[in-house]
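A.B. asks: Below is a structure I'd like to ask you about.
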Amino acid sequence: MIVNIEIISTEMRREGEKGYVGNTVYRTEGQKSVYEITFMSKNGKDWDYSLHFTEQSGDEEELLRMDELLENDDDLYNQLLDAALEAFPA
């Protein structure tokens, strides 16, 4: 399934000596909700994430569908992670 997204903003920063925390704010085509996915890593290689609405609470079912999509669509997940990583200052 191809999902068109609009990336609104990104950020990545160091946490401690080796850890990273970053986020990507985005919207998907055809949906009103704006999401923020926060990425966390202790080593810069293995990433966990948390997904939530940014502007206001939305439909819980919509959020669960987006979370399931992220779990199953590696290309989408990597696109959002790569956007955050590109924001890391060199």
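A.B. asks: Regarding Val25, is this residue closer than 14 Å to Leu80 by Cβ and modelled with pLDDT under 90?
C.D. replies: The answer is no for Val25.
A.B. asks: Can you name the condition, by its number, that Ser41 falls short on among (1) open to solvent by 40 Å² or more (accessible area, probe 1.4 Å); (2) over 11 Å from the mean Cα position of the chain (by Cα)?
C.D. replies: Only one criterion in (1) open to solvent by 40 Å² or more (accessible area, probe 1.4 Å); (2) over 11 Å from the mean Cα position of the chain (by Cα) is unmet by Ser41, namely (1).
A.B. asks: Next question, about the same structure. So if I check each of Asp82, Asp67, Asp75, Asp59, which one is open to solvent by 70 Å² or more (accessible area, probe 1.4 Å) and either under 11 Å from the mean Cα position of the chain (by Cα) or small (Gly, Ala, Ser) (or both)?
C.D. replies: Asp82
The values are calculated or read from the model by the stated rules, or taken from the named source; none is laboratory data. None of the values given here were measured: they were computed from a predicted structure. Every residue, glycine among them, receives a Cβ derived from its backbone with ideal geometry; neighbour counts consider all protein chains shown. Note: areas computed on protein heavy atoms with side chains; ligands, DNA, RNA excluded. Shrake-Rupley method; radii C 1.70, N 1.55, O 1.52, S 1.80 Å.
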